[in-house]
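K.L.:
Pasting in a structure now, in structure tokens, and then I'll have a few things to ask.
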Amino acid sequence: LVEGEYRAAEVVNHPMPRVIGQPPGDVERALIMRAIETRRQVIVYEDDATESQAFSDHAHTFGITAEMALPMVASDRVTGCMMWIETRVPRQFSDDDTRLAQTLTAQAAIAIENARLYRQARRQANCRTAGNYDGLETRLE
């Protein structure tokens, strides 16, 4: 995680880049939902006996050795979920890895919340300028 990077020679034959940017599959959705519902991190490892066979198959197919799902929470709102995936070597996420991931995830959640608030303020300012005071009620998206 801390040394996370793309190395062109390693990525060419790795299955993960083909799924980056695609909607999450069933296994990822299950991890994401668990993180969002509990508002806590979910960490799973390829050899975790407590996880389903579907996760083991998924990990094997994509070369995943560890996966961490962190809910993105800002202003007591869940705005999403960030996935941290290790594919290079079998390893456990350290406390430092987890703290760094939590910090980056929290910062991303705050940025998303700030963008939402900015968009809301701009909409209200536009309503005032246009004389449309009916649109000034606070809308949360």
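K.L.:
On the given criteria, is ALA115 part of a helix (DSSP H, G or I), on the phi < 0 side of the Ramachandran plot, small (Gly, Ala, Ser) and open to solvent by less than 80 Å² (accessible area, probe 1.4 Å)?
P.N.:
yes
K.L.:
Report whether or not ALA109 is of a type outside the set (Asp, Glu) and open to solvent by less than 30 Å² (accessible area, probe 1.4 Å).
P.N.:
The answer is yes for ALA109.
K.L.:
Still on this structure: In region 34-65, which residue that is aromatic (Phe, Trp, Tyr) and assigned to a helix (DSSP H, G or I) is surrounded by the most Cβ atoms within 10 Å (Cβ to Cβ)?
P.N.:
Checked region 34-65; the qualifying residue surrounded by the most Cβ atoms within 10 Å (Cβ to Cβ) is PHE55.
K.L.:
Further question: With the condition kept exactly as written, say whether any residue in region 67-84 is assigned to a helix (DSSP H, G or I), open to solvent by 40 Å² or more (accessible area, probe 1.4 Å) and out of contact with any Pro (no Cβ under 9 Å at 6 or more places or on another chain).
P.N.:
No.
K.L.:
Is it true that some residue in region 124-132 is at pLDDT 90 or above, open to solvent by less than 50 Å² (accessible area, probe 1.4 Å) and not aliphatic (A, V, I, L, M)?
P.N.:
no
The values are calculated or read from the model by the stated rules, or taken from the named source; none is laboratory data. Because the structure is a prediction, the values reported are computed rather than measured. For neighbour counting, all protein chains shown are included, and Cβ atoms are generated from backbone atoms with ideal geometry for every residue, glycine included. For the accessible areas, the whole protein counts, side chains as well, though only heavy atoms, and no ligand, DNA or RNA atoms are used. Shrake-Rupley method; radii C 1.70, N 1.55, O 1.52, S 1.80 Å.
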